[in-house]
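Novice: The structure follows.
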Amino acid sequence: MKRHTILKRLTLYTALIIFSVFFINGEAGAKVNVVTSVPDFASIAREIGGDKVDVISLAKGYQDPHFVDAKPIYITKLNRADLLIYNGLDLELGWLPLLVTGARNSRISTLNAEGNVDASVFITNILDLPTGPIDRSMGDVHPRGNPHYMLDPRNGIPVAKGIAEKLSEADPENASYYEANYESFARLLNMKIKEWDEELAPYKGTEMVSYHKNLEYLSEWAGFKEIGFIEPKPGIPPTPSHVAELIKKMKSMDVKLVIVSNYYPQKTPSIIAEQTGAVFLSIPTQVGGQDGIDTYFDLFDAIVGEITGALKDQKGAANHSASGTDG
Ligand SMILES: [Zn+2]
């Protein structure tokens, strides 16, 4: 073979290699493939990632995030993920680790893997942190602190920042895009939080009962007082004696509000409300928890709207009967 032919071929090969590297990178790097355990993170990842990311959530917003069916199709989705964003603090302990192991994806498979994003590390005010050794013998599903931190909208900001940083690491070319999207997300969320704060302000100090200890962050933020839970312990179904005690306590303290996530059993809470003359509210507590709740903003619009709506009616009714105009 003549020398210039060899050179020609080498040039051709080089061009092919460059082309294919560019092409493959262009394909794989076209969009960052994000899988989230629960939909709140998917909503925020979409806000931050815009058209540079493909995002799916494994669990739906109307499912109890502690107990999700580990479907085989989730393994396929996890196998292709560049980033896995999950809640952590053992929220998904019963279903996610199994799927992640099955997916055999080194980008996400270990805690130290680049694409393995435990969003709880972005949160500084975890409630119910254990003071002693962790003990599951009582069946508590919150042994490492209360994992339901996304129900305080203020926590959406550090989570969004963390997601923006992780997206930038996975896709450095678009880092400034993610940063800018984070800035506008945080600006909008701060503005909405102010509005929601104002709407909730008249009801500060409201005493309430919930089903599971998942509304603690919400009630902390709203200034509500949770005086009891329908579950005797997180993850343990109510017993008749516990329910009877709770009803007694509610009556003696004159507690008139029962709020539960819409994925919990509704019968016992509604009976408790009926027996105590309390308002019973079943609310969506995750993005996708109800039709029309497509974003983290929609979620709190709905939650704040439902709570203030019910309390306004209750106040109105109390004033009405106190004034004696109803006979
Ligand atoms: Zn929980």
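Nothing in this text is a laboratory measurement; each read-out follows from the coordinates by a stated rule. Please read these numbers as outputs of a predicted model, since none were measured by experiment. Cβ: placed from backbone, ideal geometry, glycine included. Neighbour counts: every protein chain shown.
Novice: Computed over the Cα atoms of segment 153-228, what is the ratio Rg over Rh, Rh following Kirkwood? Spell out each step's value before the answer.
Specialist: Numbers: Rg = 16.6 Å, Rh = 14.4 Å.
Expressed as Rg/Rh, it is 1.15.
Novice: Further, regarding this structure: Separation between the L188 and D64 pseudo-spin-labels, each 7 Å from Cα along Cα→Cβ, expressed in nm?
Specialist: Calculated label separation equals 3.3 nm.
Novice: Further question: I'd like the per residue volume of the convex hull spanned by the Cα atoms of the chain, given in cubic angstrom. Intermediate values should be presented prior to the final figure.
Specialist: Numbers: hull volume 53.9 nm³, N = 327.
Enclosed volume per residue, from the Cα hull, is 165 Å³.
Novice: Oh, and also: How far apart, in nm, are the 7 Å Cα→Cβ label points at L93 and R154?
Specialist: 2.7
Novice: For N125 and E179 in the same chain, what is the full-extension length gain: residue separation times 0.36 nm, less their Cα-Cα distance, in nm?
Specialist: Working: separation 54, 0.36 × 54 = 19.44 nm, distance 2.37 nm.
So the extension gain works out to 17.1 nm.
Novice: Output the Cα-based Rg and Dmax of segment 200-322 in Å, rounding Rg to one decimal and Dmax to a whole number.
Specialist: 14.2, 41
Novice: Do the alpha carbons of any pairs in K166/K213; K204/K312; K52/K166; K194/K225; K213/K248 sit beyond 23 Å of each other, and which pairs?
Specialist: On the way: K166/K213 30 Å; K204/K312 13 Å; K52/K166 13 Å; K194/K225 21 Å; K213/K248 20 Å.
Violating the 23 Å limit, Cα to Cα: K166/K213.
Novice: So, counting K/R as plus one and D/E as minus one, what does the shell of residues with Cβ under 13 Å around Y149 add up to? All intermediate terms of the calculation are to be shown ahead of the outcome.
Specialist: Values: positive: R144, R154, K213; negative: D40, D90, D118, D128, D152, E216, E220.
Every neighbour counted, the sum reads -4.
Novice: So what does the Cα-only Debye profile of segment 22-179 read at q = 0.13 Å⁻¹, as log10 I(q)/I(0), no solvent term?
Specialist: -0.60
Novice: Using r as the Cβ-Cβ distance of D254 and E114, and R0 as 51 Å, what FRET efficiency do you calculate, to the nearest 0.05? Please list the in-between numbers first.
Specialist: Values: r = 54 Å, r/R0 = 1.05.
After rounding to 0.05, the efficiency reads 0.45.
Novice: Once the convex hull of the C-alpha atoms of segment 249-321 is built, how many Å³ does it hold per residue, rounded to a whole number?
Specialist: It is 97 Å³ per residue.
Novice: How much of the pair distance distribution for segment 104-155 lies past 14 Å, counting alpha-carbon pairs only, in percent? Mind dumping the intermediate values first?
Specialist: Numbers: 842 of 1326 pairs.
Summing the P(r) of segment 104-155 above 14 Å gives 63 percent of all pairs.
Novice: Something else now. Within 14 Å, Cβ to Cβ, of S252, how many net charges do the neighbouring residues add up to if Lys/Arg are +1 and Asp/Glu are -1? Don't skip to the answer; put the middle values down first.
Specialist: Details: positive: K248, K249, K251, K256; negative: E207, E245, D254.
Result for the neighbourhood of S252: +1.
Novice: Could you give the dipole magnitude of segment 200-322 about its Cα centre, charging the beta-carbon of Lys and Arg +1 and that of Asp and Glu -1, in debye to the nearest 20? Let's see the in-between values first.
Specialist: Numbers: 11 positive and 14 negative charges, 110 e Å.
Computed about the Cα centre, the dipole is about 520 debye.
Novice: How long is the gain from D51 to K267 if the chain were fully straight, where each residue apart is worth 0.36 nm and the alpha carbon distance is subtracted? The partial results should precede the final answer.
Specialist: Details: separation 216, 0.36 × 216 = 77.76 nm, distance 4.28 nm.
Full-extension gain reported as 73.5 nm.
Novice: Indicate, rounded to the nearest 5 percent, the antiparallel portion of the DSSP beta bridges found entirely in segment 200-322.
Specialist: Values: 1 of 12 bridges.
Antiparallel bridges: around 10 percent, rounded to the nearest 5.
Novice: What is the gain in length, in nm to one decimal, between I236 and K71 on full extension, counting 0.36 nm per residue of separation less the C-alpha to C-alpha distance?
Specialist: Numbers: separation 165, 0.36 × 165 = 59.40 nm, distance 2.42 nm.
Contour length minus the Cα-Cα distance gives 57.0 nm.
Novice: Still on this model: Using the Cα centre of the chain as origin and beta-carbon charges of +1 (Lys, Arg) and -1 (Asp, Glu), tell me which of N181, N112, Y211 is placed farthest towards the positive end of the dipole.
Specialist: N112
Novice: Evaluate the distance, in nm, between pseudo-label points positioned 7 Å from the Cα of I134 and of T295 along their respective Cα→Cβ axes.
Specialist: 3.5
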